[in-house]
Amino acid sequence: MSTLPAFALTPALSGSRRVGRLLALMALTLALVFGGIAWLQSQSLRLLSANVVYQGDNLVWSFFQLETEYLRLRHLAHEFVREAPHLPAAARAALEARLRERYDIFVSRIGLIDPARTQGVMPDFPEHHRVMAELAAVVDQVDRVLGPEAPPEIDAAALRPLLGTIDGLATSVRELSGLSNRAVGEGIVSRNEAVRQQSRIAIALTVFQCLLILVFAVIVVRQVRALEQRRLELEALARRLQEARVEAEQASRAKSAFLANMSHELRTPFNGMLGMLSMLDRSPLDAQQREHLQIARQSGEHLLTILNDVLDLSKLESAHLDLAPQPVDLPRLLGEVEALMRPQARAKSLHFEITVDAAVPARVEADGKRLKQVLFNLLGNAIKFTDQGRVGLLVDTVPAATPEASPRVRLRVVDSGIGMDEATLQRLFQRFSQGDDSIGRRFGGTGLGLEISRELVRMMGGDIQVTSQPGVGSEFVAVLPLPWRVDAPESEPEAAASAPGPACDPAEGTHACADAPGPVAAPVLPARPLDILVTDDHQINQKFMRVLLESLGHRVSLALDGQDAFEQVRTRTEVPFDLVLMDVHMPVMDGLAATRAIRALPSPMNETRIVALTADAFTEVRARASEAGMSDFLAKPVQVHEVEALLLRHFGVRGVNRALPSLPAPASRPARSTRPRRGDAGRVLDLELISDTCALLGVERLRTLLQAFFSDDSGAVAQLLALLAQASAEGLPMAAHRVRGTAATLGLKQLAATVADIEQHGLDAGDPAEALEQQLRQQIELSWRMCARMGWATPPDAPA
Amino acid sequence: MITRRHLLAASALLPLAARGTPPELVRPRGRVVLTISGRIGVRNAADAAQFDMDMLAAMRQHSFSTHTPWYPQAHKFTGPLLREVLDAVGAHGRTLRAIALNDYTVELPVEDATRYPVVLARLFDDRPMSVREKGPLFIIYPFDSDEALRSERYYSRSAWQLKAIDVV
């Protein structure tokens, strides 16, 4: 890999260096060419200037003019010598003036051809100097007769001998003219030669310029081609990258789909398995079977936790996880956390304590489910890694960052556990990190919890900090900006609808339980049970849902797929279904398609309430479900209280009506002889006592206690029943005593009375032991059902 | 010699010439050194205006030093402005044909005389010029004052040994 960029870089680098050199070379050449041209221009200018310097009357003209004037002078001199003696005085004077003028003109011409003046334009010829000397000599002689110093009257006799001298100049003057002609000719030749030379240089330079332009053109063409090539390559690369991106996106979508599918596939059997285990737990079992069952359930729940962790993480990663803040009762939420964590702490003999500062608001805006998840994780870890001592949750407030914002809530989870060293702290929030490897083996878990917790807290706008000391303990501090709610009482029903709590008031709702400010269950009114169609392709799920819903007193129909469900809804014209629970993923026709088909039916079938039932917890699945026309959403694995909440939400009290169904029970259902009837409550249960207990302990603890009794965790009831079945009087009072004490404490009035009777009279009371056993069983079941109706226990119904 | 009468005549003549009224032009008393002919409004001969050296000397004199192609150094030239001489004769042509003693003829536009202070030089370094010294009159442009004048065109228009001007 590392060689690739280097390989790609080298030609580019050397290329740029080469281009740089080329540019420098081109610049130099251009400078030379233009320098040459400039030189050439200056040369031409100099030649022109030479012409300008060639001053005044041009040279040849001056020489010839001299010759002309010489000839005129000579002619006039001869005329004067010949004519003067014969002329009258006036005519002679005019002729003298003409001759003098002519002579002066001739002399003035000699100065113009002086070698000193002509040397700039013609070479220095020796003949020139000789003729000049000759001329000067002649002028000297003639001046004596014609010059300015001569007598005014010209002496023709004196002039006569000079005529010969003047005539003698003819050859020399002519020679001088020829000389000038030659000089000018040579000048022209040399100038022509210079011009020719310059022209040659100019042509050479022009040719060179042409070549240079040609070279540049070639370079430009090559560059353009290279650029084009590069552009094409980049385009191809961009195309390939685009394709790769599309493939990657497809892969990602496939992964998401796979994950959603897997979550469904995994959760569906889990739903069934855990449901069935719950059911099995309620059936009579011996101690060993119960223990096995307990282990199986714990394993299943642990597996479900891991699955949920993985799903949460994938949702967090794909940003599918949405927080749903709503008004939350913080003390109650903490109470629920405590109810779940305290037994775990107790199991390890740890001191467990939740301390809430008085300044902490009772009601805040938060996603309660996720907040609980964080606390479960932090407390679960604390308990897991603490072998002795204490685990505590301290809740208080810290001032807000800005004055306008609400103060932040600080949740501190403190333990006296094994603690962590610096290196472990560093890796703590990293995925799959579990302190160190040995911890993973020793304590199990996915190692995802902390990461999920921190992500959730960050989504809520807070963060988690850790301090720890090996061997001393750890402290996890989550600070959250939870907006405080100063609620008007109207918001109460909303909270009630979303989280229906069990009723505390056993009678007709005269006062609410202090520890459980949830909704007071409305008086149970006689009402028509709901007709519910459960659509699920999974038979175990079908069965589980059926048992669950029937235990709530509703009539259940089943459909195997969307097509089946649609047909059933379509054909039920007289009494339409009140509710269709529709699995989303199904063969033949999925839930969404079925919903759309139902919504397309004529009224009133199209108004059927449809609730999505799916293991997918993704928000987009919800969105698709509501798009298809589904009214609500029920997550798998189905939790009893969630079903209750759902029904309460949609049908009010009718949804949680546990009155006996008016229709005969289906064959698969157990006998309903012990079904509670309205008005039985006061006869069977000591409502006042239970109400007091509830106020004292809180409904969850009461529920735990009652459930423990009915599940017969201690085996005391089973022992009593066994003794009665054997009609064995031995140990009977003792066994009855144990059961009576618990029953009385829990306010199971009728049962306590019966058992007290047995305790007191043994088998002597008159009734046969078998009848007693039967009576006792019935009374236990009746009490159970009564409690279940009140929301204090899970109903004893189990599939046949 | 400049006589008193010449001076008076010349000074009386100038403003009249400027006003375009044909003035009287005195007759030359000495040897005629310049004859102006052609399209002129004032004459003192049959068909020309003739000047002797005194008449020219009586006119407003103008002088400057300049380099010329004919002498290695700068020399001082003095004489009347050509345009004022032309005004004195009421010249109304476009071109002047200058004729030298050796019958050399050169044409120069009248515009030259109006545009440049062209001098009809009669003194060379304050001395009269003999024929040998390119006298007696020399048309001199102020070569040193303007680069454009230093060319063959104006050198050739500078006629020396001037004897006549024909206004065309």
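Values in this text are rule-based calculations from the coordinates and carry no lab data. Quick caveat, the model's predicted, so the values are computed rather than measured. Backbone-built Cβ (ideal geometry, glycine too); neighbour counts: all protein chains shown.
Listed values, structure above:
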| quantity | calculated |
| --- | --- |
| Candidates per GluC sites (Glu not before Pro) in the range A:532-611, loop by DSSP, up to 10 other Cβ within 10 Å | A:Glu574 |
| Packing rank of A:226-232, A:178-184, where each peptide gets the mean count of other beta carbons within 10 Å, highest leading | A:178-184, A:226-232 |
| Chain B: calculated mean residue ellipticity at 222 nm from DSSP helix runs of at least 4, using -39500 (n - 2.57) | -6500 deg cm²/dmol |
| For residues of A:102-108, the mean tally of beta carbons on other chains within 10 Å | 5 |
| Whole-angstrom gap from the range A:196-253 to the range B:51-109, using each part's C-alpha centre | 73 |
| Isotropic mean projected area of the C-alpha convex hull, the range A:297-422 (nm²) | 9.9 |
| Projected label distance in nm at B:Arg39 and A:Val218, using a 7 Å step from Cα toward the beta-carbon | 6.8 |
| Size of electric dipole in the range B:4-167: Cβ of Lys, Arg +1 and of Asp, Glu -1, about Cα centre, debye, nearest 20 | 440 |
| Base-10 log of normalised Debye intensity for the range B:4-167 (one unit scatterer per alpha-carbon) at q = 0.17 Å⁻¹ | -1.00 |
| Degrees separating the helix B:4-18 axis from the principal Cα axis of chain B, which is the longest one | 80 |
| Global size of the range A:72-133 as Cα Rg and Dmax, reported in angstrom | 16.7, 50 |
| Cα-projected label distance for A:Gln41 with A:Ala722, points at 7 Å along beta-carbon direction, nm | 12.6 |
| Net charge over other residues, Cβ less than 11 angstrom from the Cβ of A:Met734 (K, R count +1; D, E count -1) | 0 |
| Cα→Cβ-extended label distance, 7 Å offset, between A:Leu689 and A:Phe64, nm | 16.2 |
| P(r) weight above 22 Å for the range A:118-254, C-alpha pairs, percent | 73 |
| Normalised per residue, the volume of the convex hull around the Cα set of the range B:65-127 (Å³) | 110 |
| Those lysines that a straight Cα-Cα span of less than 20 Å connects to A:Lys372, excepting residues fewer than 8 apart in one chain | A:Lys315, A:Lys384, A:Lys636 |
| Inter-chain Cβ neighbour average for residues A:378-387, partner chain, 10 Å | 0 |
| 10 Å Cβ neighbours from other chains, averaged over peptide B:145-154 | 1 |
